[in-house]
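A.B. asks: Could you have a look at this structure, given as structure tokens, before my questions?
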Amino acid sequence: MAPSKVVPISVAVDKTARDLFAEEARRRGLGVSTTIRVLALERAKEIRQERQLAKAWKWQLQRAHEAIAAIDRGENPVVPHAEIDRLFDEAEARMRKRLKR
């Protein structure tokens, strides 16, 4: 598969935004366009990570509610500590892999 052709994207910004980007560009020692691209990529990755963490939190909360319901019914769900460690290790490895992208 051939590499994708890079296509520029134009974005209009007002003077206040332009000045803010120029200030950040100077701080980073980059050009304004490069700084805007870097900031956009940084924020997009943060948003993706926040969404993934929110999804994980929702899943964990659901599991907690299920466990509480099982206890209330007189059941005692027992999960070996090694299984919990394995699940967290796998989740952490996936997160590190995603952050490298």
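A.B. asks: Taking the Cα atoms only, what angle lies between the long axis of helix 15-28 and the longest principal axis of the chain, rounded to 10 degrees?
C.D. replies: Approximately 80 degrees, to the nearest 10.
A.B. asks: Only Lys, Arg, Asp and Glu count, each charged at its Cβ (+1, +1, -1, -1), so figure out the dipole size of the chain about its Cα centre, rounded to 20 debye. Mind dumping the intermediate values first?
C.D. replies: Working: 22 positive and 15 negative charges, 149 e Å.
I would put it at about 720 debye.
A.B. asks: Specify the angular offset, from 0 to 90 degrees and rounded to the nearest 10, of the alpha carbon long axis of helix 81-100 from the longest principal axis of the alpha carbons in the chain.
C.D. replies: Helix 81-100 and the main axis of the chain meet at about 10 degrees.
A.B. asks: Another question about this same structure. Quick check on the chain: helices-only [θ] at 222 nm, where DSSP H runs of length 4 and up contribute -39,500 (n - 2.57) each and the sum goes over total residues. Nearest 500, please.
C.D. replies: Numbers: 3 runs with 75 residues, N = 101.
-26500 deg cm²/dmol, from helical runs alone.
A.B. asks: Suppose the chain between Glu83 and Ile47 were pulled fully straight at 0.36 nm per residue; how much longer would it get relative to their current alpha carbon spacing?
C.D. replies: On the way: separation 36, 0.36 × 36 = 12.96 nm, distance 2.96 nm.
Here the segment from Glu83 to Ile47 would lengthen by 10.0 nm.
A.B. asks: With the dipole of the chain worked out from charges on the C-beta (+1 for Lys and Arg, -1 for Asp and Glu) around the Cα centre, which of Gly31, Ala64, Met95 lies farthest toward the positive end?
C.D. replies: Positive-most Cα among the choices belongs to Gly31.
A.B. asks: DSSP loop GluC sites (Glu not before Pro) in region 7-101 with at most 13 other Cβ atoms within 10 Å of their Cβ, which ones?
C.D. replies: Values: sites: Glu23, Glu24, Glu42, Glu46, Glu50, Glu66, Glu75, Glu83, Glu90, Glu92; in loops: Glu75.
Here the GluC sites (Glu not before Pro) that fit, given the DSSP loop and packing criteria, are Glu75.
A.B. asks: Mind sorting Lys15, Lys55 by how few other Cβ atoms lie within 10 Å of their own Cβ, fewest first?
C.D. replies: Values: Lys15 7, Lys55 10.
Fewest to most other Cβ atoms nearby, the residues stand as Lys15, Lys55.
A.B. asks: Find the lysine pairs in the chain meeting two conditions, Cα atoms under 27 Å apart and a separation of 8 or more places or different chains, and report how many there are.
C.D. replies: Lysine pairs meeting both conditions in the chain amount to 12.
A.B. asks: Just to be sure I follow: if Rg is taken over the C-alpha atoms of the chain and Rh is the Kirkwood radius over the same atoms, what is Rg/Rh? Let's see the in-between values first.
C.D. replies: Working: Rg = 22.3 Å, Rh = 18.1 Å.
Expressed as Rg/Rh, it is 1.23.
A.B. asks: Let me ask you something else. Efficiency by 1/(1 + (r/R0)^6): what FRET value for Val11 and Arg98, r their Cβ-Cβ distance, R0 = 22 Å, to the nearest 0.05?
C.D. replies: On the way: r = 26 Å, r/R0 = 1.19.
For Val11 and Arg98, the calculated efficiency is 0.25.
Values in this text are rule-based calculations from the coordinates and carry no lab data. Quick caveat, the model's predicted, so the values are computed rather than measured. Cβ atoms come from the backbone with ideal geometry, glycine included; neighbour counts cover every protein chain shown.
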